[in-house]
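Asker: A single structure is presented below for examination.
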Number of protein chains: 2
Amino acid sequence: MLGEQSVSASCFAENLGHLIELTGAESAALEKLEGRQRQLRRGAILLREKERGNELFILRKGMMMSYVILDDGSRQILRFMFPGDLLGSALIYRDAPETLCALSDAVVAPFERNLLVPIFDEHPRLAALLLVYNNIQRVALTDRLAALGRTSAKARIAALLLELRNRLRRADSSVTNGFALGLTQEEIGDATGLTSVHVNRMLRQLEQEGMIARESGRVTLLDENSLRREANYVNRYEGLDLGWLPSPR
Amino acid sequence: MLGEQSVSASCFAENLGHLIELTGAESAALEKLEGRQRQLRRGAILLREKERGNELFILRKGMMMSYVILDDGSRQILRFMFPGDLLGSALIYRDAPETLCALSDAVVAPFERNLLVPIFDEHPRLAALLLVYNNIQRVALTDRLAALGRTSAKARIAALLLELRNRLRRADSSVTNGFALGLTQEEIGDATGLTSVHVNRMLRQLEQEGMIARESGRVTLLDENSLRREANYVNRYEGLDLGWLPSPR
DNA sequence: CGAGAGATTGACTAGCATCAAATGCTGTGG
DNA sequence: CCACAGCATTTGATGCTAGTCAATCTCTCG
């Protein structure tokens, strides 16, 4: 279903454009990052942990995730990524700290990290926006940290469902309360620090309590308020205040 | 003990200077952020969650933490902060997403966030360095996420001990394997998602296994390799590759 | 010396993991 | 079109890790 959308010249510009109105010159500068394209099949690994690489990627179509595998073989999913998201840590590390993997068929635009230099040199407001974008991610990570450290299995799953719906909607405004989550229960478990067995039981419980409905991979949020209360959830794309940004150049 | 160190004109410049050699102009630009100073007593709250505020802070002396309190009253500590660290999320949010609290007597330099504008406008390399600094934090958070989601209580505590020692040493190179951790067991628990009771048992176990020694608030890492193996720990201030940064201006 | 905070210890419980088996779903080849 | 393989989901039985509750001990500081 994601395959048929029209895709703009720069998904990243469109994403950042949700935060603040970009100038033509700024959009043009961002477009340069998406000159190349690469198709990925569902399950394909774009970059493996500890692999060298100084490319970054903009996700243009589909859904991806990043994860790490620990010594005992268990996996922790760190982030889910949607169209318009910037992927990769080549900005700072020689060797990738996390694996990037496609959850659906996907399209990414790879680019060398030194392509960012002209953005810092010529577009201070975009540079600031990159920092803002990173900070949103950082705060979203702290929310998940609090969820894993201090909330119940049910709360973590409720939070994940809310987060996924919001992120999907951000990338595609036609998304409603019902959506295909595109994750197995094992993946949900690896994101929330649970086993797939327990994920199953908690989903069932949420269903029995009337908070969600499910049918063949699709989930519908029936009672968003209860879910939010259950989950302690905050949408970190709201409540922003970017009044201080430098002027565009 | 932190009280007697000499403090340079800009702690933040000194911190970033560990990443890359700064020019005089760059250091001078950063010094402007630390014009004012404010003393904090141990336990003092600098900024409360959900409070409005468009100031950021540079920590100049002492140790601080950020945390959130969940609906059920439980606390999750998100980060520990040391001299030279930049605190606060006023960069992006109107209302603080986390509480900032002093763990020891401390000194901070508060500054208005729009003081960052000239840095973005005139010092592209510093702007890039801010992004790098943020990314290091983001990756460190993903490490903790993986620890909370997928590792045992003992491993989380081992990881915390290693992290604290490394961060302390970064701020003060005279720190060795023995150090005063300056945290109660309850605080260790709130950082690792455990109860103080269980923290106590795990510390004891690490001690019995000869990995650490303890006496009245001080900890000594006796067997760093075992700890690292136990903890799956990676020092995220190493392995950096900043070769792409814009030229200084 | 007394008060209060933190550390320690023991007994018991609960939430989630583990193990195992059954069921359902999808795509593929005959 | 069916049979089957392979994966995901579902369910039950049981175990273990870490939480809860509560008492005691220690240390510091007025």
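Asker: Of the numbered conditions (1) away from DNA strand C (no atom under 15 Å from the Cβ); (2) closer than 30 Å to B:Ala147 by Cα; (3) surrounded by 16 or more Cβ atoms within 10 Å (Cβ to Cβ), A:Leu222 fails exactly one; give the number of that condition.
Answerer: Every condition holds for A:Leu222 apart from (2).
Asker: Among the residues that make up the stretch B:95-108, is at least one of them part of a helix (DSSP H, G or I) and of a type in the set (Val, Ile, Thr)? Let's see the steps before the verdict.
Answerer: Quick first cut of the stretch B:95-108, residues part of a helix (DSSP H, G or I) only: none.
Checked the stretch B:95-108: no residue is part of a helix (DSSP H, G or I) and of a type in the set (Val, Ile, Thr).
Asker: Moving to a separate point now. Scan the stretch B:55-75 for residues that are assigned to a loop (DSSP other than H, G, I, E, B) and more than 7 Å from chain A (Cβ to nearest Cβ) and report the count.
Answerer: Residues meeting the conditions: 4.
Asker: Would you pick out the residues in the stretch A:179-199 that are within 9 Å of DNA strand C (Cβ to nearest atom) and either open to solvent by 20 Å² or more (accessible area, probe 1.4 Å) or not in a helix (DSSP H, G or I) (or both)?
Answerer: First pass over the stretch A:179-199, keeping only residues within 9 Å of DNA strand C (Cβ to nearest atom): A:189, A:192-199.
Within the stretch A:179-199, A:Gly193, A:Leu194, A:Thr195, A:Ser196, A:Val197, A:His198 qualify.
Asker: If you take the residues in the stretch B:150-175 that are among the small types (Gly, Ala, Ser) and open to solvent by less than 10 Å² (accessible area, probe 1.4 Å), which one is nearest to the other protein chains (Cβ to nearest Cβ)?
Answerer: Quick first cut of the stretch B:150-175, residues among the small types (Gly, Ala, Ser) only: B:152-153, B:155, B:158-159, B:171, B:173-174.
Still in the list and also open to solvent by less than 10 Å² (accessible area, probe 1.4 Å): B:155, B:158.
Numbers: B:Ala155: 9, B:Ala158: 13 Å.
Among residues in the stretch B:150-175 that are among the small types (Gly, Ala, Ser) and open to solvent by less than 10 Å² (accessible area, probe 1.4 Å), the one nearest to the other protein chains (Cβ to nearest Cβ) is B:Ala155.
Asker: Here is a list of conditions, (1) farther than 20 Å from A:Thr184 by Cβ; (2) modelled with pLDDT under 95; (3) open to solvent by 10 Å² or more (accessible area, probe 1.4 Å), and A:Ala90 meets all of them except one; can you say which number that is?
Answerer: Against the list (1) farther than 20 Å from A:Thr184 by Cβ; (2) modelled with pLDDT under 95; (3) open to solvent by 10 Å² or more (accessible area, probe 1.4 Å), A:Ala90 comes up short only on (3).
Asker: Is it fair to say A:Glu31 is assigned to a helix (DSSP H, G or I), more than 10 Å from every other protein chain (Cβ to nearest Cβ) and surrounded by 21 or more Cβ atoms within 10 Å (Cβ to Cβ)? Spell out the reasoning first.
Answerer: Values: assigned to a helix (DSSP H, G or I): yes; more than 10 Å from every other protein chain (Cβ to nearest Cβ): yes; surrounded by 21 or more Cβ atoms within 10 Å (Cβ to Cβ): no.
No: the conditions fail for A:Glu31.
Asker: Do you know which residues across the stretch A:115-133 are touching a Lys or Arg at 6+ places or on another chain (Cβ under 9 Å) and within 8 Å of chain B (Cβ to nearest Cβ)?
Answerer: A:Phe120, A:Asp121, A:Pro124, A:Arg125
Asker: Sticking with this one: Return a yes/no flag: does the stretch B:52-63 have any residue that is small (Gly, Ala, Ser) and in contact with a Lys or Arg (Cβ under 7 Å, 6 or more places away or on another chain).
Answerer: Let us first name the residues in the stretch B:52-63 that are small (Gly, Ala, Ser), namely B:53, B:62.
This time we only want the ones that are in contact with a Lys or Arg (Cβ under 7 Å, 6 or more places away or on another chain), so: none.
No, the stretch B:52-63 contains no residue that is small (Gly, Ala, Ser) and in contact with a Lys or Arg (Cβ under 7 Å, 6 or more places away or on another chain).
Asker: Let me ask something else. Would you confirm whether or not the stretch B:204-219 contains a residue that is within 13 Å of chain A (Cβ to nearest Cβ) and surrounded by 15 or more Cβ atoms within 10 Å (Cβ to Cβ)? Even if it seems obvious, please write down each step before you answer.
Answerer: Let us first name the residues in the stretch B:204-219 that are within 13 Å of chain A (Cβ to nearest Cβ), namely none.
There is no residue in the stretch B:204-219 that is within 13 Å of chain A (Cβ to nearest Cβ) and surrounded by 15 or more Cβ atoms within 10 Å (Cβ to Cβ).
Asker: I'd like to check something: does the stretch A:25-34 contain any residue that is modelled with pLDDT under 95, farther than 23 Å from A:Ile188 by Cα and touching a helix residue (DSSP H, G or I) at 6+ places or on another chain (Cβ under 7 Å)? Talk me through it step by step, then tell me what you get.
Answerer: Applying the first criterion (modelled with pLDDT under 95) to the stretch A:25-34 yields none.
No - not one qualifying residue is present in the stretch A:25-34.
Asker: Suppose we filter B:Glu238, B:Glu215, B:Glu224 for residues that are at negative phi and touching a residue at least 12 places away in the same chain (Cβ under 8 Å); which single one remains? Can you show your working first?
Answerer: Values: B:Glu238 fails: touching a residue at least 12 places away in the same chain (Cβ under 8 Å); B:Glu215 fails: touching a residue at least 12 places away in the same chain (Cβ under 8 Å).
From the options B:Glu238, B:Glu215, B:Glu224, the qualifying one is B:Glu224.
Asker: Now for a different question. Mind checking whether some residue in the stretch A:76-83 is buried (at least 16 other Cβ atoms within 10 Å of the Cβ) and part of a loop (DSSP other than H, G, I, E, B)? Let's see the steps before the verdict.
Answerer: Filtering the stretch A:76-83 for residues buried (at least 16 other Cβ atoms within 10 Å of the Cβ) gives A:76-83.
Adding the requirement that they be part of a loop (DSSP other than H, G, I, E, B) leaves A:82-83.
Yes: the stretch A:76-83 contains one or more residues that are buried (at least 16 other Cβ atoms within 10 Å of the Cβ) and part of a loop (DSSP other than H, G, I, E, B).
Asker: Follow-up question, since we're still on this one. Would a scan of the stretch B:217-224 turn up a residue that is among the hydrophobic types (A, V, I, L, M, F, W, C), in a loop (DSSP other than H, G, I, E, B) and more than 15 Å from DNA strand D (Cβ to nearest atom)?
Answerer: As a first pass, look at the stretch B:217-224 and keep what is among the hydrophobic types (A, V, I, L, M, F, W, C): B:219, B:221-222.
Then drop every residue that is not in a loop (DSSP other than H, G, I, E, B), which leaves B:222.
If we keep only those that are more than 15 Å from DNA strand D (Cβ to nearest atom) too, we end up with B:222.
Yes.
The values are calculated or read from the model by the stated rules, or taken from the named source; none is laboratory data. The structure presented is a predicted model; accordingly, all values stated were derived computationally and were not measured. Cβ: placed from backbone, ideal geometry, glycine included. Neighbour counts: every protein chain shown. When the accessible area is computed, the model is the full protein with side chains, heavy atoms only, and any ligands, DNA or RNA have been set aside. Shrake-Rupley method; radii C 1.70, N 1.55, O 1.52, S 1.80 Å.
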